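To keep things clear, I will list the structure first and then write my remarks on it.
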Amino acid sequence: MMDLKTIKGIGIKGEERLNKLGIYDVNDLLTYFPSRYDVLKRSDLNNIDTLDKVVIDGKIESVPLVLRFNKGLNKMNFRLVTKDRMIGVSIFNRAFMKTHLTIGTNVIVIGKYDKDKNILTASDIRLGSLSNETKIEAIYHLTNGLSNKNLSNYINLGLMMYGKELPDYIPLYLQEKYHFINKRITLNIVHNPTDMEKLKLMIKRLKYEELFVFMAKVYYLNEKNRKDSGLTRNIKESEITSFYEILPFSLTDDQKKVIHEIVEDMNSSKVMNRLLQGDVGSGKTIVSFAAMYFNKLAGYQSALMAPTEILATQHYNNIQKLFKDKVKARLLIGSLTKKEKKEIVEELSSGKIDIVIGTHALIQEDVTYCNLGLVITDEQHRFGVNQRANLKNKGITPDVLYMSATPIPRTFALTIYGDMDISTIKEMPKGRLPVKTIVKKDDEIKDVLNLMYEELQKKHQIYVIAPLIEGDSDINEQKSVSNLQDKMNVAFGMKYHIGILHGKMANSLKDEIMLKFKNSEIDILISTTVIEVGVDVPNASMIVIFDANKFGLSTLHQLRGRVGRGNIQSTCILISKEETERLKILEKTVDGFEIAEEDFKLRGSGDLFGTRQSGEIMFKIANLKEDYRILLAAKEDATEFWKKKDEELTPLKESIVKLIDTN
Ligand code: ADP
Ligand code: MG
């Protein structure tokens with residue numbers, strides 16, 4: 001797709017900034033959708049409540065007066081003549097605008113209006129006036145150095161230059177069926193809306209397109225799988241028992257049941273396509289180790305893919321500890337030297353390695369396998385369909401096992417992952433103490449610090465999830481984490497070692513900190529929600545989550561799963577300013593499935609697929625939950641689309657297959 005620099009004004013700097021937003025080519029740019037829309041409609045000041053947000057326009061009547069305070073803060077006051085009155089306007093921290101705000105300038109002011117004082121405290125000021133029609137403004141997520149206006153200009157220039165060339169993945173017959181209009185006009189409206197109703201229709205069209213492509217890919221991959229016939233093995237009950245014997249603990253009945261389900265698939269000629277679901281801490285990993293062990297006994301290689309290096313390393317170490325020299329396992333991750341990688345790649349293709357554990361490196365590098373028979377992905381919801389397909393394509397017809405702690409209702413899983421079997425672990429390992437959960441209000445922070453202190457004195461470790469800050473830019477994220485670090489240092493008199501983690505730190509640094517925490521060199525780990533799913537630190541016995549009400553229950557449950565992984569009593573403290581009622585559900589239950597159901601009921605668009613920070617979002621505009629109806633339609637249409645024999649559809653089919661190969 002077209003180079004961003006071909007658009008006037010972007011240049012090298014602009015390109016770098018756009019890259020930060022995940023925009024790498026013109027297609028990305030034109031499909032970078034507004035995060036919200038501001039509706040600008042002149043308010044009638046005679047007819048408002050004190051708390052209403054008002055929008056008003058007028059001419060500046062007095063030279064703005066700037067008051068300066070500590071720490072670079074400032075406040076600016078001026079008089080404004082509107083259509084029917086004169087009011088005072090005051091706004092914080094916009095002194096830099098003063099030169100533009102000369103007497104007679106037309107401005108639009110947004111804020112709260114105090115009738116008695118006749119003062120409007122503005123949150124935003126823009127040059128210009130309101131028209132009589134309602135104006136809708138597209139507002140984008142931005143990055144430093146890039147204004148909403150810049151971005152909007154780039155997009156509109158891009159639309160002019162390339163709008164016609166943009167691929168449209170909805171076949172014509174479906175566009176007609178749904179009365180969709182063409183893609184260029186659709187995008188134009190989404191970026192420059194004038195009418196709410198029309199905008200909604202256009203968004204629906206884009207959601208449909210995204211889901212149609214998604215379901216078309218799923219259908220294609222499933223069909224491809226169906227044609228394959230799988231490996232047969234002859235794993236015997238005695239081999240299963242011999243596996244049980246090398247374990248340091250006895251498996252739960254659920255774990256045993258699931259192992260048998262997997263063995264049955266592996267022995268049959270059908271290709272295994274199985275999802276292993278189980279709550280955090282239910283012991284899925286050991287089940288995957290069993291499968292890989294039997295696969296090795298049958299003479300095949302296995303690959304285990306984890307979303308992060310630290311998780312891959314954890315699995316690798318556990319495998320080494322468990323099997324010792326019974327299997328030859330290697331760890332293939334991005335941070336290895338070229339030489340090390342080369343060695344592993346050679347040993348994989350010659351068949352010396354039985355089990356390889358890694359991250360994306362498993363699919364990204366030039367890796368070939370000798371006889372890959374089993375592919376396992378951990379924290380499956382963090383990978384896209386394509387990534388899984390790529391890995392699978394490395395073997396001839398390997399069996400595939402996906403593991404996930406995110407409970408997905410069955411019908412839903414079937415829709416998005418196609419024809420897949422599901423195994424579930426419900427039972428927790430014996431001796432596990434359920435995590436005690438306490439909901440606290442913001443002003444009870446002293447209690448929280450006391451509880452933390454008690455825990456630290458027992459030489460236990462603590463996770464702290466830092467508060468979310470509006471606008472969540474990198475800087476804010478960093479600020480909120482280091483603020484907390486300062487506060488805790490004060491509270492605990494610098495006696496404990498505090499580590500911090502946030503989104504924009506380099507992966508190697510994140511891993512280093514995580515490792516230190518794992519090795520007990522850090523007592524308190526403060527982070528945004530970037531802390532890794534699946535990491536096992538049994539000595540961590542407390543997690544404190546700020547702004548808990550801003551997360552979905554399922555996300556909170558996942559976070560809570562970071563503790564309670566050993567045999568010490570663990571505690572989860574949820575801190576929140578308001579709305580603690582919902583959080584109380586977590587005090588009552590530790591059952592992830594039950595919580596997911598509650599989330600579903602409460603939020604409608606629950607966060608089954610996690611938060612944005614954890615990289616789980618797969619769609620630019622569609623939302624699997626909210627747009628479930630569109631998804632179902634798209635699924636039906638995608639099936640019909642592949643079955644149609646029309647030659648006219650061939651190029652479109654080919655371009656969809658290409659999307660699978662390239663992403
Ligand atoms: P998850 O399902 O969240 O991936 P893990 O597989 O990481 O959970 O297991 C969590 C912890 O429980 C690990 O330390 C693991 O060794 C331990 N574990 C797993 N199964 C059992 C069991 N049957 N008895 C005791 N401990 C177990
Ligand atoms: Mg796990």
Number of the condition not met by residue 432 [criteria: (1) of a type in the set (Lys, Arg); (2) within 21 Å of residue 555 (Cβ to Cβ); (3) at pLDDT below 90]: (2)
- request: Among residues belonging to segment 262-301 that are more than 16 Å from ligand 2 (Cβ to nearest atom) and free of Cβ contacts under 8 Å to residues at least 60 places away in the same chain, point out the one that is farthest from residue 238 (Cα to Cα).
  value: 270
- prompt: Got a sec? Which of 75, 98, 117 is at pLDDT 90 or above, part of a loop (DSSP other than H, G, I, E, B) and of a type outside the set (Gly, Ala, Ser)?
  reply: 117
message: Please go through segment 276-333 and give me each residue that is more than 10 Å from ligand 1 (Cβ to nearest atom), part of a strand (DSSP E or B) and of a type in the set (Gly, Ala, Ser), ordered by number.
response: 302, 303, 329
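Residues of segment 231-257 being small (Gly, Ala, Ser) and either within 30 Å of residue 632 (Cβ to Cβ) or assigned to a helix (DSSP H, G or I) (or both), which ones? So that I can check it myself, show each step before the final result.
Going residue by residue through segment 231-257, those that are small (Gly, Ala, Ser) are 238, 242, 250.
Listed by number, the residues that qualify are 238, 242.
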- prompt: What number of residues within segment 21-56 are charged (D, E, K, R) and either modelled with pLDDT of 95 or more or touching a helix residue (DSSP H, G or I) at 6+ places or on another chain (Cβ under 7 Å) (or both)?
  reply: 1
- request: Could you list all residues from segment 420-446 that are among the charged types (D, E, K, R) and more than 16 Å from ligand 1 (Cβ to nearest atom)?
  value: 421, 436, 440, 441, 442, 443, 444, 446
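So is residue 122 touching a His at 6+ places or on another chain (Cβ under 8 Å) and of a type in the set (A, V, I, L, M, F, W, C) or not?
Values: touching a His at 6+ places or on another chain (Cβ under 8 Å): no; of a type in the set (A, V, I, L, M, F, W, C): yes.
So residue 122 does not fit the description; no.
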query: Residues of segment 520-560 being near ligand 1 (Cβ under 10 Å from one of its atoms) and either assigned to a strand (DSSP E or B) or surrounded by 22 or more Cβ atoms within 10 Å (Cβ to Cβ) (or both), which ones?
result: 533, 534, 558
message: Which condition from (1) within 16 Å of ligand 1 (Cβ to nearest atom); (2) touching a residue at least 40 places away in the same chain (Cβ under 8 Å); (3) among the β-branched types (Val, Ile, Thr) is the one that residue 259 breaks?
response: (2)
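The values are calculated or read from the model by the stated rules, or taken from the named source; none is laboratory data. Please read all numbers here as calculations on a predicted model, not as lab measurements. Positions of Cβ are backbone-derived with ideal geometry, glycine not excepted, and every protein chain shown enters the neighbour counts.
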